[in-house]
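Taking it in order: structure first as structure tokens, then the write-up.
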Amino acid sequence: MFGVNRPALFWGVLLIVLGIAFLLNNFNLVPPSLFHLWPLVVIGAGTWMLGRAVQRRRGQGLVGGMVVLALGAFWLLENFGRVDDRMFLPVLLIAIGAGLLWRRLYE
């Protein structure tokens, strides 16, 4: 009948869960200390993207996975006061560069 598009299903569920979490936080229904951990979801998604790229032996997913993973790590560290906004662009550029290098070495 209809084929299940697992990546689209995964991302759809992930976005819904994140949206609900942000909404609950806006209504102060989630303890603030718990909400500081939301970037772990982004880190998990980046790790999943990297794993899929390595498993399928496709270099295209490596750059995206590195960027998502680095953004999640940055936001997690920012929530705990370890980094500030001045470091965002350098972290993003490093993640893109690392992903491009890894992709080139992987091909």
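The values are calculated or read from the model by the stated rules, or taken from the named source; none is laboratory data. Quantities reported herein were computed from a predicted structural model and do not represent experimental measurements. Note: ideal-geometry Cβ built from the backbone for every residue, glycine included; neighbour counts use all protein chains shown.
Checked against (1) modelled with pLDDT under 85; (2) in contact with a helix residue (DSSP H, G or I) (Cβ under 9 Å, 6 or more places away or on another chain); (3) exposed (fewer than 13 other Cβ atoms within 10 Å of the Cβ), N25 passes all but condition (3).
Out of A8, A98, which single residue is of a type in the set (G, A, S) and surrounded by fewer than 16 Cβ atoms within 10 Å (Cβ to Cβ)? Spell out how you get there, then give the answer.
Numbers: A98 fails: surrounded by fewer than 16 Cβ atoms within 10 Å (Cβ to Cβ).
Within the list A8, A98, the selection yields A8.
Figure legend. Inter-residue proximity from region 11-31: first residues within 22 Å of G46 (Cβ to Cβ), second residues not in a helix (DSSP H, G or I), beta-carbon distance below 9 Å, spacing 6+ or different chains. Indicated pairs: L18/W38; A21/V30; A21/W38; F22/W38; N25/W38.
Is it the case that R103 is of a type outside the set (F, W, Y) and either surrounded by 14 or more Cβ atoms within 10 Å (Cβ to Cβ) or within 13 Å of the chain's Cα centre (by Cα) (or both)? Yes: the conditions hold for R103. When the residues of region 70-92 are filtered to those that are in contact with a His (Cβ under 9 Å, 6 or more places away or on another chain) and surrounded by 14 or more Cβ atoms within 10 Å (Cβ to Cβ), the one that is nearest to V42 (Cα to Cα) is L76. Only one entry of L24, L34 meets the criterion of being more than 17 Å from the chain's Cα centre (by Cα) and over 23 Å from W11 (Cβ atoms), and that entry is L34.
Within region 77-95, is even one residue free of Cβ contacts under 8 Å to residues at least 12 places away in the same chain, among the aliphatic types (A, V, I, L, M) and in contact with a Pro (Cβ under 9 Å, 6 or more places away or on another chain)? Yes, region 77-95 contains a residue that is free of Cβ contacts under 8 Å to residues at least 12 places away in the same chain, among the aliphatic types (A, V, I, L, M) and in contact with a Pro (Cβ under 9 Å, 6 or more places away or on another chain).
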